Amino acid sequence: MPREERAQDPEQRLIEAAQADPSRFAELYERHFDRVYAYIASRVHDRSETEDLTSEVFHRALANLHRFEWRGTPFAAWLYRMAHNAIVDRGKRVALQSDPPDPVDPALPAEEEMEQAERRAQLFQSVNRLPADQRRVIVLRFAHQKSIRDIAGELGRSEGAVKQLQVRALENLRAHMEEAHG
């Protein structure tokens, strides 16, 4: 690819801007947070640990951004590599403890795993676009695995109202996902 064409790549411009001014890293963070979180969550299966590792990945990325060289490979691949390394490092730390949680698969991110992480990231983005009440029901129901009765009590609504919010949210999610995938 000629140098002029590469310079036109929007991601490359974002990276170069963040390298020149670290406060611009927020744009890269926003663009890639969901996919990194989804990748880690698919391998770690502990919400708190996933959040910690995701934070660690972006902290490392910001600290090492000056070392990143644009070669046409997506920035996400660099982040996935850092996520993989953070997960492996976590596995090594856990192995030193007496009561380790679920083992971590040390294999490098396979293309299929990255595609799954991308789909999860799209789902997270779609959930974030839902109206606040629908988003809250979906998060409580599926992320926190609460019952309709518990959600109704927490929100101060009837079970029927919560069910209706869930149905509308799932319809909206389906429409967002169909729109994203053609």
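Each value in this text was obtained by applying a stated rule to the coordinates, not by laboratory testing. A quick note: this is a predicted structure, and the numbers were derived from the prediction, not measured. FYI the Cβ positions are ideal-geometry reconstructions off the backbone, even for glycines, and counts take in every protein chain you see.
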Let me know the shape class of segment 130-182, please: from the alpha-carbon gyration tensor, a ≥ b ≥ c as square roots of the eigenvalues, rounded when a/c is under 1.5, otherwise prolate if a/b is greater than b/c, or oblate.
prolate
For segment 13-37 and segment 143-164, write down the distance between their C-alpha centroids in whole Å.
37 Å
Helix-only CD estimate at 222 nm, as mean residue ellipticity for the chain, using -39500 (n - 2.57) per DSSP H run (n ≥ 4):
-24000 deg cm²/dmol
Local electrostatic count, Ile151, Cβ distance below 15 Å [Lys/Arg +1, Asp/Glu -1]
+4
Among Val57, Val94, what is the fewest-to-most ranking by other Cβ atoms within 10 Å?
Val94, Val57
When Ile151, Ile138, Ile40 are arranged by how many other beta-carbons sit within 10 Å of their Cβ, fewest first, they go Ile138, Ile151, Ile40
Evaluate the relative contact order of the chain (contact order divided by residue number), counting alpha-carbon pairs under 8 angstrom at least 6 apart; express in whole percent.
20 percent
Using +1 on the beta carbon of Lys and Arg, -1 on that of Asp and Glu, and nothing else charged, what's the dipole of segment 130-182 about the Cα centre, debye to 20?
160 debye
Hydrophobic long helices for the chain, i.e. whole DSSP H runs reaching 18 angstrom or more by Cα along the axis with Kyte-Doolittle mean at least 0.0, come out as 75-96
Just check the chain against the gyration tensor rule for me: Cα atoms, a ≥ b ≥ c as the square roots of the eigenvalues, rounded for a/c under 1.5, and otherwise prolate or oblate depending on whether a/b exceeds b/c.
oblate
